[in-house]
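First comes the structure, then the notes that go with it.
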There are 2 protein chains.
Amino acid sequence: MTFPVVGMIGGGQLARMTHEAAIPLGIRFKLLSATPQDSAAQVVNDVVIGDHRDLDTLRAFAKGCDVVTFDHEHVPTEHLRALQADGIAVRPGPDALIHAQDKGVMRARLDELGVPCPRHRIVTGPADVTRFAGEGDGFPVVLKTVRGGYDGKGVWLVRSEEEAAEPFKAGVPVLAEEAVDFSRELAANVVRSPHGQAVVYPVVESVQVGGVCDTVIAPAPGLPPERALRAQEIALTIARELDVTGHLAVELFETADGRILVNELAMRPHNSGHWTQDGAVTSQFANHVRAVLDLPLGDPRPRAPWTVMANVLGGDYPDMYAAYLHCMARDPQLKIHMYGKDVRPGRKVGHVTTYGTDLADVRERARHAADYLRGTITE
Amino acid sequence: MTFPVVGMIGGGQLARMTHEAAIPLGIRFKLLSATPQDSAAQVVNDVVIGDHRDLDTLRAFAKGCDVVTFDHEHVPTEHLRALQADGIAVRPGPDALIHAQDKGVMRARLDELGVPCPRHRIVTGPADVTRFAGEGDGFPVVLKTVRGGYDGKGVWLVRSEEEAAEPFKAGVPVLAEEAVDFSRELAANVVRSPHGQAVVYPVVESVQVGGVCDTVIAPAPGLPPERALRAQEIALTIARELDVTGHLAVELFETADGRILVNELAMRPHNSGHWTQDGAVTSQFANHVRAVLDLPLGDPRPRAPWTVMANVLGGDYPDMYAAYLHCMARDPQLKIHMYGKDVRPGRKVGHVTTYGTDLADVRERARHAADYLRGTITE
C-alpha cells in the first residue's frame, strides 16, 4: 500500500484524537511525544520519545514522515525552517505558524489585513502601559506575553501601573490590549489545504470560566446570520492570507454593539472544535489530516440542530471511571471523550458532547455529565 | 486512573475498529495479534504477538487484562474454559461462544428454543445427504462443516450425491440444511451486557455477492414493522438464552412468504453492523466495549433515515490511496474506513458508509465509492 505517514509533534489529547481520526482513513500516524505516558503516546503504536525543541530529534522523526504537523505551537520557528530546508512538508509552515506563536506578529499582520482586533500595541514597561491606557479608555488593560501563553496563562488583566509590573518579569516582549467589553466569546474554525481549498464550520459560542473554555455551543445561539457570515469571512481571510494549512481556530469577541474582534489564533485542532467529533459530518481532526495531506476536505456541516461540548476538568476524585455507570445510564446518547490523563484539580482531562433538537436539554445533559465526572455533583 | 484494560484476541479489522472506539472512552486496549502487520496491530500501541491457539500465550496475555474478548471465533473452547478457571472474565464466555463456533451445537440449541431455522441435521456421508434431501424437497441441499467456515468458505450448495463428497474430505462433522428459497438476507444485531441489559439495532438488509457481504442497508427497506420486531425478538431471545455478552449478529433469511429463519450467528462486532459507526448514535464497537465491561449500553438508534455500508474489496490496483482524491472530491460526506491490509483480489480491505434521506442517492454514493476504490470504475 502507498498510504502516507502523517507525523504529529506533541503527545497531547489533540494528537490522541487525530490518531483516532486517522485510523479509518488508513493513514499511518507517527507521534513525537515527550514521554510514553502522554495522552496520545498511550494509544498510538508508532511513537518516538523525544524533545520537540531539539533539531536532531525533529530531523530524525521527520525522516519517516510524508508530512509533519502539530499538536501544539511550541516547536521553535528556526527548527521548522530547517526541516523545510531539508525538503520536509511542514504543515502549517513556519511562516503561517509564527502568527499562532507570537501575538505581536499576529496583531501586526491582522492590522495589515484590516481584520478587526482589540486596540493594541507592544509596551516597554509599566509606565508605557499607563500611556497605552491613556491613549484609550484607561485601565483596566490586558497584558500578554507575546509567546508561551495558553488557557489564561501569560495573560493579565491589570487595573493600575503597579499591577502592570508582573508581566515584564519574564523578560519577553509584552503586548497591551484594550480590555474589550465583550458580550460573549465566539470561535470561527476553518480547515484549509495546500492547494487552497477551505471549509468553514458553523460559528460557535465558547463559554469561558476562569480563562478556560468550559462549554462550546454549536452553532452560537441567537447569532444573526450576517454576523456569523462576517466571522466566517474573517477566519477564511486569515487562513488564506497567512497561507494556513490544516485547522485554524479563530477565537473572537462579540460586543454588545455587534462588532466581531479577533482574540487569538490556533493553527491545529482546537477545543472549540471538539463538538465536531459527534456533531459535524466531518470532524476537525479528520479534516486536519485530510488538509495536511492535501486531500479534498470533508463536509463541515452539523448533523444535529444543536451540539454542546463541555470540558471535563479534574476535581477532588481521581476515579472518573466509577462515574461512567451513572453518566451512561442517565443518558444513553452521551458521548464521552477521555484523554488518559491523571486527574489534577482544574486540569482538562476530557470532554463530553451531546446533541439534539432542544438546546436547553442538550446543554443540561452535557453540563450534568461534565459536573458528575468531575465530582462536583453526585446525583 | 483506574480505567480497565480490555484485551482483544485477534488482530483483524474488528479489533482495529474496536481500538478506535475504545480511545474516546479512555479504556486501555491490549491486543493479541498473530503478526505485527495485522490490521489492528498497525494502530494499537499495546500489542502482544502470539498464537491464539496456545494456552500459555493466552494465559500470559490475559494476566494484564480486566476482561478478554474476541476479534474472531477461533480460540479453542477448552482454552477459554481454562482462562475462566484462572478467574479471567471471558466475554462472551465459552458456553455462549460455542454456538458461534460450532454450527451443529448452534442448530440444536436454537431448535430447543423454538427459534425458526432452515430444516437441518448432521449427515454422515453422501448417501445420508441423499436421504436428507429425500426427507424434504430433494436437492439442492446446503452442506456446511460445523466448524471453521466464514464468508462462504466451508459451505457448499450440492445438487447430487456425487457433489456431496467434497465436504466430508476434511473429516469434520457436516451439517446438511435445506437450501432456503429466500427473497433476501437480513441481520438483527444485539448487544448484551453481563448484568442482562440489551440493546437492539434496527434490522438491516445484507446484500450478498458470491457468498460475501457486499452492501448493508439500514434499516432494511420495505420490511414490515411486525416482521422487523420478530427478527429483533429472535436476536434478543438468542442473546438472553445463550447468555451472550458483547455484540451478537444474527444473520437471517427472509422468505417470500414472510418467514424469518436464522442462518448464522457471530458473537463479536460484525460486518452487518459497520454502518453503525457513522449511522447510529452508538456504534457496535463502542457498545461491544461497554458490554464486555458491564457498563450501561449506548443508544442504538439511527442518526439518519438511511445509512448504507459497502464493502471495499481488493481489485487489480494495489494503490487505493490514489483513489481518495476522486472519491473525497466527488462526495464530501463519504466516510471511508480502510483496514491497512494489502490489496488482494476479492479480499475485504475496507468499507465506506454514506447516509441521508434519499435511499437511491445514498446507495449510489456508497456503491460508486466502493467500486472506484476497487478500481472497477474509473470515473
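At a glance:
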| read-out | value |
| --- | --- |
| For residue A:276: the one exception among (1) under 22 Å from residue B:24 (Cβ atoms); (2) without any contact (Cβ under 8 Å) to a residue 40 or more places away in the chain | (2) |
| Test result for residue A:362, β-branched (Val, Ile, Thr), more than 9 Å from every other protein chain (Cβ to nearest Cβ), closer than 27 Å to residue A:26 by Cα and in a helix (DSSP H, G or I) | no |
| Test: residue in region B:43-51 that is out of contact with any Pro (no Cβ under 6 Å at 6 or more places or on another chain), away from every other protein chain (no Cβ under 14 Å) and surrounded by 15 or more Cβ atoms within 10 Å (Cβ to Cβ) | yes |
| Residue list for region A:10-23, restricted to those being more than 11 Å from chain B (Cβ to nearest Cβ), buried (at least 24 other Cβ atoms within 10 Å of the Cβ) and over 16 Å from residue A:246 (Cα atoms) | A:11 |
| Number of the condition not met by residue A:18 [criteria: (1) among the hydroxyl-bearing types (Ser, Thr, Tyr); (2) assigned to a loop (DSSP other than H, G, I, E, B); (3) in contact (Cβ under 8 Å) with a residue 40 or more places away in the chain] | (2) |
| Flag for residue A:285 being more than 14 Å from every other protein chain (Cβ to nearest Cβ) and among the aromatic types (Phe, Trp, Tyr) | no |
| Residues satisfying the stated conditions in region A:72-102, i.e. in the same structural domain as residue A:40 (by TED's automatic domain parsing) and among the acidic types (Asp, Glu) | A:73, A:78, A:86 |
| In region A:360-374, the residues that are in contact with a strand residue (DSSP E or B) (Cβ under 9 Å, 6 or more places away or on another chain) and surrounded by fewer than 20 Cβ atoms within 10 Å (Cβ to Cβ) | A:361, A:363, A:364, A:367, A:371 |
| Subset of region A:98-114 [within 20 Å of the chain's Cα centre (by Cα) and either at positive phi or among the hydrophobic types (A, V, I, L, M, F, W, C) (or both)] | A:98, A:100, A:105, A:106, A:110 |
| Which numbered condition residue B:64 fails, given (1) within 20 Å of residue B:194 (Cβ to Cβ); (2) modelled with pLDDT under 95 | (1) |
| Hey, residue B:317 assigned to a loop (DSSP other than H, G, I, E, B), assigned by TED's automatic domain parsing to the domain that holds residue B:247 and over 30 Å from residue B:98 (Cα atoms) or not | yes |
| Residues within region A:157-177 that are surrounded by fewer than 19 Cβ atoms within 10 Å (Cβ to Cβ) and outside any helix (DSSP H, G or I), tallied | 8 |
| Filter result (in contact (Cβ under 8 Å) with a residue 12 or more places away in the chain, within 11 Å of chain A (Cβ to nearest Cβ) and of a type in the set (A, V, I, L, M, F, W, C)) within region B:302-322 | B:304, B:312, B:320 |
| Subset of region B:178-190 [among the aliphatic types (A, V, I, L, M) and either free of Cβ contacts under 8 Å to residues at least 24 places away in the same chain or in a strand (DSSP E or B) (or both)] | B:186, B:187, B:188, B:190 |
| Residue check for residue A:26: more than 14 Å from chain B (Cβ to nearest Cβ), surrounded by 17 or more Cβ atoms within 10 Å (Cβ to Cβ) and on the phi > 0 side of the Ramachandran plot | no |
| Filtered residues of region B:58-88 (kept if without any contact (Cβ under 8 Å) to a residue 40 or more places away in the chain, buried (at least 17 other Cβ atoms within 10 Å of the Cβ) and touching a strand residue (DSSP E or B) at 6+ places or on another chain (Cβ under 7 Å)) | B:80, B:83, B:88 |
| Every residue from region A:327-359 that is polar (S, T, N, Q) and surrounded by fewer than 23 Cβ atoms within 10 Å (Cβ to Cβ) | A:333, A:357 |
| Given (1) farther than 30 Å from residue B:282 by Cβ; (2) among the hydroxyl-bearing types (Ser, Thr, Tyr); (3) modelled with pLDDT of 95 or more, number of the condition residue B:145 does not satisfy | (3) |
| Whichever residue in region B:250-291 is crowded, with 24+ Cβ neighbours inside 10 Å and more than 16 Å from residue B:20 (Cβ to Cβ) and, among such residues, is farthest from the chain's Cα centre (by Cα) | B:291 |
| Selected residue [modelled with pLDDT under 95 and of a type outside the set (D, E, K, R)] from B:244, B:212, B:250 | B:212 |
| Residue tally, condition within 17 Å of the chain's Cα centre (by Cα) and free of Cβ contacts under 8 Å to residues at least 24 places away in the same chain, over region B:209-240 | 1 |
| Single condition residue B:326 does not satisfy, out of (1) more than 21 Å from the chain's Cα centre (by Cα); (2) part of a loop (DSSP other than H, G, I, E, B); (3) within 11 Å of chain A (Cβ to nearest Cβ) | (2) |
| Residue list for region A:111-156, filter: crowded, with 18+ Cβ neighbours inside 10 Å, among the aliphatic types (A, V, I, L, M) and assigned to a helix (DSSP H, G or I) | A:129, A:133 |
| Near pairs, Cβ below 6 angstrom, 6+ apart or cross-chain, from region B:195-208 (closer than 16 Å to residue B:237 by Cα) to any residue that is of a type in the set (S, T, N, Q) | B:200/B:232; B:201/B:189 |
| For residue A:299: the one exception among (1) facing chain B (nearest Cβ under 9 Å); (2) closer than 24 Å to residue A:213 by Cβ; (3) of a type outside the set (A, V, I, L, M, F, W, C) | (2) |
| Scope region B:329-347; condition outside any loop (DSSP other than H, G, I, E, B) and either facing chain A (nearest Cβ under 8 Å) or modelled with pLDDT of 95 or more (or both); matching residues | B:329, B:330, B:335, B:336, B:337, B:338 |
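The values are calculated or read from the model by the stated rules, or taken from the named source; none is laboratory data. Treat the numbers as computed from the prediction; the structure is a model and nothing was measured. Positions of Cβ are backbone-derived with ideal geometry, glycine not excepted, and every protein chain shown enters the neighbour counts.
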